[in-house]
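The structure appears right after this line, and notes come after that.
The values are calculated or read from the model by the stated rules, or taken from the named source; none is laboratory data. Because the structure is predicted, anything quoted here is derived from the model rather than measured. Cβ placement follows ideal geometry from the backbone for every residue including glycine, while neighbour counts extend to all protein chains displayed. Protein only, heavy atoms only, side chains kept; ligands, DNA and RNA dropped before computing areas. Shrake-Rupley method; radii C 1.70, N 1.55, O 1.52, S 1.80 Å.
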Amino acid sequence: MRLIIIGAVAAGTSAAAKARRNDENAEIIIYDKDSYISYSGCGMPYYIGGEVEDAKKLTPRDPVFFKSKYNVDILIRHEVLSIDHKNKTLEIKNLATGDTFQDHYDKLVIAAGAAAVIPPVKGADLKNVFSLRNIGDMNQIKDFINEYAPKSAVIVGTGFIGLEVCENLKELGIEVTLIERLPWVTPVLDGDMAVYVEDHLRKNGIKLLTGLSVAEIKKDRVILEDQREVEADFVLLSTGVRPNTELAAKAGIELGVTGAIKVNEKMMTNVKDIYSCGDCSEQYHVVTGKPVYRPMGSTANKTGRIAGDVVTGGNLSFRGILGTGIFKVFDMTVTITGLTEREAKKEGYHVAVCHNIKPNKPEYMGGREMVIKGIADKDTGRLLGVQIAGFEGVDKRIDVFVTAITYKA
């Protein structure tokens with residue numbers, strides 16, 4: 001059996017490793033157009049800030065590793081241009097030489113990932129404007145900071161990556177302004193929890209501008225839609241990601257309602273012998289049972305493992321996600337799982353909410369305030385979602401809530 005996988009970050013390499021464990025005789029080939037594979041994207045902000053000193057710690061595995069350990073051939077700097085599912089062939093371009101060639105498969109796994117969303121703003125192509133999605137982006141940002149020593153930075157968007165970069169730039173002595181078009185930072189949270197994050201950011205010297213969009217970027221400043229100007233030697237666009245689906249759509253593979261590749265619980269697409277996993281495919285929510293798009297490394301690893309199992313005759317199935325996420329901003333930890341209050345109301349639940357505000361341990365033992373917000377269905381009592389902001393023990397609490405929601409407590 002000849003298995004070809006497109007993409008060699010979390011999902012693609014997980015699929016390959018699981019397929020090899022199941023089948024010692026399969027031919028397994030991965031194509032990836034990037035130079036770096038199987039990297040730790042969550043660590044990139046901390047390399048920019050210097051907390052992670054060696055970039056190689058974020059890229060511990062290369063094609064030689066996968067060949068020696070798993071007998072998997074990974075060809076980097078190779079872009080798959082098209083899929084012919086009737087003849088089970090691929091057209092591939094070697095980006096190093098410019099040559100194109102064909103390959104054939106028995107089973108195909110698309111793990112093409114996602115790309116940063118670049119808003120249509122004038123000046124977004126300037127040399128001091130960046131996004132942070134892969135190791136190449138990280139290296140460019142690090143080189144720019146080392147060469148130009150920016151004094152002021154603007155981060156557009158306040159998701160996990162934006163806030164983690166914010167902390168690391170501040171640690172480097174750079175003045176940071178966060179710009180968010182929604183009324184509060186961290187759009188994954190409800191507004192009544194985001195206020196704790198906002199207060200903590202301000203206490204750490206971060207300027208916040210919410211409810212505003214960027215109209216134009218210049219080499220030394222950002223112009224907002226209300227014509228205010230913010231100094232910025234460095235700009236990070238952290239406005240989300242979109243699934244890489246162009247290749248799949250062109251091949252006649254169905255996309256779901258979220259715009260990502262539609263798969264079933266076995267990672268099968270609508271085309272025979274083609275599977276998809278990771279950030280290019282959509283998932284479904286444990287609470288609602290409906291399709292969602294929540295690109296996360298943990299989900300990519302799970303769906304990759306399932307794809308690798310199924311293509312080699314296994315019987316693993318995807319059990320859905322809760323959209324659980326956790327991040328650190330300065331010394332505060334913020335986490336979320338399940339539905340937010342606004343999502344629960346949109347889904348038609350009769351929502352009950354509670355806030356539990358107590359120290360994480362006795363104050364005489366150094367306890368600090370932790371805020372836990374619970375969202376439940378008033379009619380059935382079922383827990384629907386939880387958000388926590390605190391300093392210690394946040395991860396322990398969310399683990400318990402994730403388990404409880406999964407088992408419909």
Residue match in the range 67-78 (condition: open to solvent by less than 30 Å² (accessible area, probe 1.4 Å) and within 22 Å of the chain's Cα centre (by Cα)): no
Residue in the range 273-303 that is farthest from Lys107 (Cα to Cα), counting only those that are β-branched (Val, Ile, Thr) and part of a helix (DSSP H, G or I): Thr299
Tally, over the range 116-133, of residues that are open to solvent by less than 40 Å² (accessible area, probe 1.4 Å) and either of a type outside the set (A, V, I, L, M, F, W, C) or assigned to a helix (DSSP H, G or I) (or both): 4
Residues of the range 46-64 satisfying the condition of being surrounded by 14 or more Cβ atoms within 10 Å (Cβ to Cβ) and either touching a residue at least 12 places away in the same chain (Cβ under 8 Å) or in contact with a Ser or Thr (Cβ under 8 Å, 6 or more places away or on another chain) (or both): Tyr46, Tyr47, Ile48, Gly49, Ala55, Leu58, Thr59, Arg61, Asp62, Pro63
Hey, Ala215 open to solvent by less than 20 Å² (accessible area, probe 1.4 Å), touching a residue at least 60 places away in the same chain (Cβ under 8 Å) and more than 25 Å from the chain's Cα centre (by Cα) or not: no
Selection count, the range 1-45, where residues are open to solvent by less than 40 Å² (accessible area, probe 1.4 Å) and not in a loop (DSSP other than H, G, I, E, B): 24
Condition met for Glu147 (touching a strand residue (DSSP E or B) at 6+ places or on another chain (Cβ under 6 Å), of a type in the set (Asp, Glu) and in a helix (DSSP H, G or I)): no
Pick from the range 328-346, criterion free of Cβ contacts under 8 Å to residues at least 60 places away in the same chain and over 28 Å from Pro45 (Cβ atoms), ranking: most open to solvent (accessible area, probe 1.4 Å): Lys346
2 or more residues within 30 Å of Gly374 (Cβ to Cβ): qualifying strands (runs of 3 or more DSSP E) within the range 155-270: 175-180, 207-210
Test: residue in the range 212-234 that is closer than 21 Å to Phe130 by Cα and in contact with a Phe, Trp or Tyr (Cβ under 9 Å, 6 or more places away or on another chain): yes
Residue within the range 307-315 that is closer than 23 Å to Cys42 by Cα and surrounded by fewer than 21 Cβ atoms within 10 Å (Cβ to Cβ) present: no
Residue among Thr258, Thr239, Thr269, Thr210 that alone is among the hydroxyl-bearing types (Ser, Thr, Tyr) and crowded, with 23+ Cβ neighbours inside 10 Å: Thr269
Odd one out for Ala153, checked against (1) farther than 30 Å from Asp32 by Cα; (2) surrounded by fewer than 19 Cβ atoms within 10 Å (Cβ to Cβ); (3) under 25 Å from the mean Cα position of the chain (by Cα); (4) small (Gly, Ala, Ser): (2)
Check on Val351, closer than 30 Å to Gly113 by Cα and buried (at least 19 other Cβ atoms within 10 Å of the Cβ): no
Candidate set: the range 223-236, residues that are in contact (Cβ under 8 Å) with a residue 60 or more places away in the chain and acidic (Asp, Glu); chosen: the one least open to solvent (accessible area, probe 1.4 Å): Asp233
Answer residue from the range 92-115, given it is over 26 Å from Ile135 (Cβ atoms) and not charged (D, E, K, R) and is least open to solvent (accessible area, probe 1.4 Å) among those: Tyr105
